[in-house]
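One structure is given below, encoded as structure tokens.
The values are calculated or read from the model by the stated rules, or taken from the named source; none is laboratory data. None of these values were measured; they are calculated from a predicted model. Note that we place each Cβ from the backbone using ideal geometry, even for glycine, and neighbour counts take in every protein chain shown. Surface areas here come from the heavy atoms of the whole protein model, side chains and all, with no ligands, DNA or RNA. Shrake-Rupley method; radii C 1.70, N 1.55, O 1.52, S 1.80 Å.
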Amino acid sequence: MKKSVSKATHTLVIEFLSRYPEEAANLLNDLPEDEILRLLQTITPSIVCDVLAKLHPDIAVEIIRKMEDAFFIKLFTRIDISLGTGLLSRLDEETKGVLISRLPLKLAKEYQELISYPPDSAGHLMDPNVTTFQMNHTVNDVLKHIRKIRNRRIIDICIIDEENRLQAVIPLQEIAMAQPNQRLMELPYNNRHVSIHSMAPREDVVTLMETNRLTSLPVIDLDGRLLGVIRYDALVSAAQHGVTEGIQVMFGAGRDERAFSKASFAIRKRLLWLEVNLGTAFLAAFVVSLFENTISKVTALAVFLPVVAGQSGNTGSQALAVTMRGLALREIRTRHWFRVMRKELTAGFFNGCAIALSTSIFVYLWMSSLGLAVIIGIAMVFSMVIAGVSGALIPITLKSMGQDPAQSSSIILTTVTDVVGFLSFLGLAKVLLGVLNLG
């Protein structure tokens, strides 16, 4: 009988956790962490993920710290990677590194990439250990929790919604002066809070600090989810570092080339890629040379070569810019390659059809050659599709290989678009030379 009652109780608990994760999390927040962990280990990972997302971040992090390896791996191979990243980023570097190393290699690499930020970014300056609350919490809830975390300096309280999106920032002074039973939603707050994206450069951090006279600056991701806070001392440090780096750059001591870098530094940075670019230009020239006889028969082909290459180049550059931005802001990752490629393929095809129609009409009116108009139209569609797909896949491929996509993507793309553009246009002309009476 006792066993059946115990089983029924456990079933009811699981049902409550799965149906009402937010209410369950509010109740669990008041329990000891070890007791919460014991309960979570008895339920399915999908329900655990929902509950962890609703638990107070400080409590969720302590639970993760106490998890056994098997349970941690089982959970973090299923958890939403954005939620997992937000929780792991609150841990100290040593603990974080150990936990990530236990995950499968590919997943561990992705977590490591998302958690680490470039040295000059807002994400690098932020403190991920930010104290957050929701609008339905009371002043007493806030003060009670703050007393528990005595080792954390708190100036402002960040208010988030159920999806961890930043909703408001309330100064601690306002909370301290309010009635204990007042809910945060009843307090005066500014929902037009100032925040910054995690990949924003340090210069933007300094500008916001000086413009708004901030004591702390919330850091968010693309979806508005709170990742951390840049505190005043870090803001001051960023401003000081910006000044000293400006002096270093004037003497060419910066990490990357700037307007005032030494000529020798500029030569070292540029010459290799200029040589590579020269090689790719000769490759494109070689492709054109393969069709010398065809061009000699129809000299008008030479006139329209830059048109085909130029349009495919622009198409590829557009796709490259969007993909590079997505990678830089971590909007996309290398595993999203198929979705990005499919989008660019579709866009390239329909844009190609529209541009091909305009080009064909213009060529026919200029040259009075239906055959030439058909050839350049087909070549335009084909080359723009390939260019769009290449613009998306080249930086993603380089990123997956551990290379810097910003440094070499444009050169590779230029080669691809030129070669594909020339091959499609001149190749079609050669094949259809007799059929369309171009000669």
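Place +1 on the Cβ of every Lys and Arg and -1 on the Cβ of every Asp and Glu in the chain, take the dipole about the Cα centre, and give the residue among LEU222, VAL303, ILE375 whose Cα lies farthest towards its positive end.
Towards the positive end, the residue furthest out is ILE375.
Can you give me the accessible area per residue for the stretch 322-385, using a 1.4 Å probe, in Å²? Walk me through the intermediate numbers first.
Numbers: 3640 Å² over 64 residues.
That works out to 57 Å² for each residue.
By per-residue mean of other Cβ atoms within 10 Å, what is the highest-first order of 166-177, 78-89?
On the way: 166-177: 16.8, 78-89: 18.7.
The packing order, highest mean first, is 78-89, 166-177.
Rolling a 1.4 angstrom probe over the protein heavy atoms, how many square angstrom per residue are accessible across the stretch 48-107? Don't jump to the answer; show the numbers that get you there.
Working: 2630 Å² over 60 residues.
Dividing the accessible area of the stretch 48-107 by its residue count gives 44 Å².
Rounded to the nearest 20 debye, what is the charge dipole size of the chain about its Cα centre when +1 sits on each Lys and Arg Cβ and -1 on each Asp and Glu Cβ?
Using Cβ point charges on Lys, Arg, Asp and Glu, the chain gives about 680 debye.
When ranked by the protection proxy of mean other Cβ atoms within 10 Å per residue, highest first, what sequence do the peptides 374-384, 419-429, 219-229 form?
On the way: 374-384: 25.1, 419-429: 22.4, 219-229: 19.9.
Taking the mean over residues of other Cβ atoms within 10 Å, the ranking is 374-384, 419-429, 219-229.
Once you put a point 7 Å from the Cα of THR95 and another 7 Å from the Cα of SER408, both along the Cβ direction, what distance in nm separates them?
Simple spin-label model gives 4.0 nm for this pair.
Full-extension gain between ASN181 and PHE71, please, as 0.36 nm times their residue separation minus the C-alpha to C-alpha distance.
Details: separation 110, 0.36 × 110 = 39.60 nm, distance 3.84 nm.
Length gained between ASN181 and PHE71: 35.8 nm.
Tell me the label only: which of [x] 255; [y] 135; [z] 210 is volume of the Cα convex hull per residue in Å³ as calculated from this structure?
Computing volume of the Cα convex hull per residue in Å³ and matching it to [x] 255; [y] 135; [z] 210 gives [z].
Quick one: order THR280, THR211, THR11, THR334 from most to least accessible surface, probe 1.4 Å.
Working: THR280 25, THR211 100, THR11 80, THR334 50 Å².
Ranking THR280, THR211, THR11, THR334 by accessible area, largest first, yields THR211, THR11, THR334, THR280.
Using 1/(1 + (r/R0)^6) with R0 = 22 angstrom and r between the beta carbons of CYS353 and ASN314, what's the FRET efficiency to the nearest 0.05? Walk me through the intermediate numbers first.
Numbers: r = 16 Å, r/R0 = 0.72.
Computed FRET efficiency for CYS353 and ASN314 comes out at 0.90.
In degrees, nearest 10, range 0 to 90: what is the angle between the Cα axis of helix 263-289 and the longest Cα principal axis of the chain?
Around 50 degrees separate the two axes.
Between the stretch 63-96 and the stretch 266-295, how many Å separate their Cα centres?
49 Å
Could you give me the ³J(HN,Hα) list for the stretch 392-405, computed from phi with Karplus coefficients 6.51, -1.76, 1.60 and θ = phi - 60°, whole Hz, x at Gly and Pro?
Each residue of the stretch 392-405 in turn: 7, 7, 4, x, 5, 5, 4, 5, 5, 8, x, 9, 8, x Hz.
Starting at the first residue of the stretch 31-46, write each ³J(HN,Hα) from the Karplus equation 6.51 cos²θ - 1.76 cosθ + 1.60 with θ = phi - 60°, in whole Hz, x for Gly and Pro.
These are the phi-based 3J(HN,Hα) values: 8, x, 4, 4, 5, 4, 4, 4, 5, 4, 6, 9, 10, 6, x, 5 Hz.
How much accessible area per residue does the stretch 136-206 have, counting only protein heavy atoms and a probe of 1.4 Å, in square angstrom?
Heavy-atom accessible area per residue stands at 60 Å².
Given a 1.4 Å probe and every protein chain left where it sits, what share in percent of the accessible area of the chain is carbon and sulfur? Intermediate values should be presented prior to the final figure.
Working: 14030 of 23870 Å².
So the carbon and sulfur contribution to the accessible surface is 59 percent.
Which order do the peptides 49-60, 297-308 take when ranked by the mean count of other beta-carbon atoms within 10 Å per residue, highest first?
On the way: 49-60: 20.6, 297-308: 16.8.
In decreasing order of mean packing, 49-60, 297-308 become 49-60, 297-308.
How far is the Cα center of the stretch 192-219 from the Cα center of the stretch 348-404, in Å?
Between the Cα centres of the stretch 192-219 and the stretch 348-404 lies a distance of 42 Å.
By the scheme Lys and Arg +1, Asp and Glu -1, what is the net charge of all other residues having a beta-carbon under 15 Å from that of ASP223?
Details: positive: ARG165, ARG225, ARG330, ARG333; negative: ASP80, ASP161, GLU162, GLU163, ASP221, GLU331.
Net charge around ASP223: -2.
How much length is gained if the chain between ASP80 and ILE361 is pulled fully straight, taking 0.36 nm per residue apart and subtracting their Cα-Cα distance, in nm to one decimal? Don't skip to the end; give the middle numbers.
On the way: separation 281, 0.36 × 281 = 101.16 nm, distance 5.08 nm.
Using 0.36 nm per residue and subtracting the Cα-Cα distance, I get 96.1 nm.
Given a Förster distance of 30 Å, report the FRET efficiency between LYS106 and ARG19 from their Cβ-Cβ distance, rounded to the nearest 0.05. Present the calculation step by step, with values, prior to reporting the outcome.
Working: r = 34 Å, r/R0 = 1.12.
Using R0 = 30 Å, I get an efficiency of 0.35.
Taking H placed 1.01 Å from N in the peptide plane, check which residues at least 5 places from ILE160 or on another chain put their amide H under 5 Å from its amide H.
Those lying under 5 Å, H to H, from ILE160 are PHE133, GLN134, MET135, GLN167.
Provide MET135, MET67 ordered by accessible surface of protein heavy atoms (probe 1.4 Å), highest first. Write down the numbers at each step before the final one.
Details: MET135 40, MET67 10 Å².
Highest to lowest solvent-accessible surface, that is MET135, MET67.
With labels modelled as points extended 7 Å from the Cα through the Cβ direction, what inter-label distance (nm, one decimal) is found for ARG268 paired with ARG342?
Result for the modelled spin labels: 4.6 nm.
Specify which residue in the list SER358, ILE154, VAL276 is farthest towards the positive end of the charge dipole of the chain, using unit charges on the beta carbon of Lys, Arg (+1) and Asp, Glu (-1), about the Cα centre.
VAL276
Scan the stretch 292-350 for GluC sites (Glu not before Pro) in coil per DSSP, keeping those whose Cβ has at most 16 other Cβ atoms within 10 Å, and list them by number. All intermediate terms of the calculation are to be shown ahead of the outcome.
Working: sites: GLU292, GLU331, GLU344; in loops: GLU331.
Filter output for the stretch 292-350: GLU331.
Stretched out fully, how many nm does the piece from GLU174 to THR11 gain, at 0.36 nm a residue minus the Cα gap? List each step's numbers first, then the result.
Numbers: separation 163, 0.36 × 163 = 58.68 nm, distance 4.33 nm.
My answer for the length gained is 54.4 nm.
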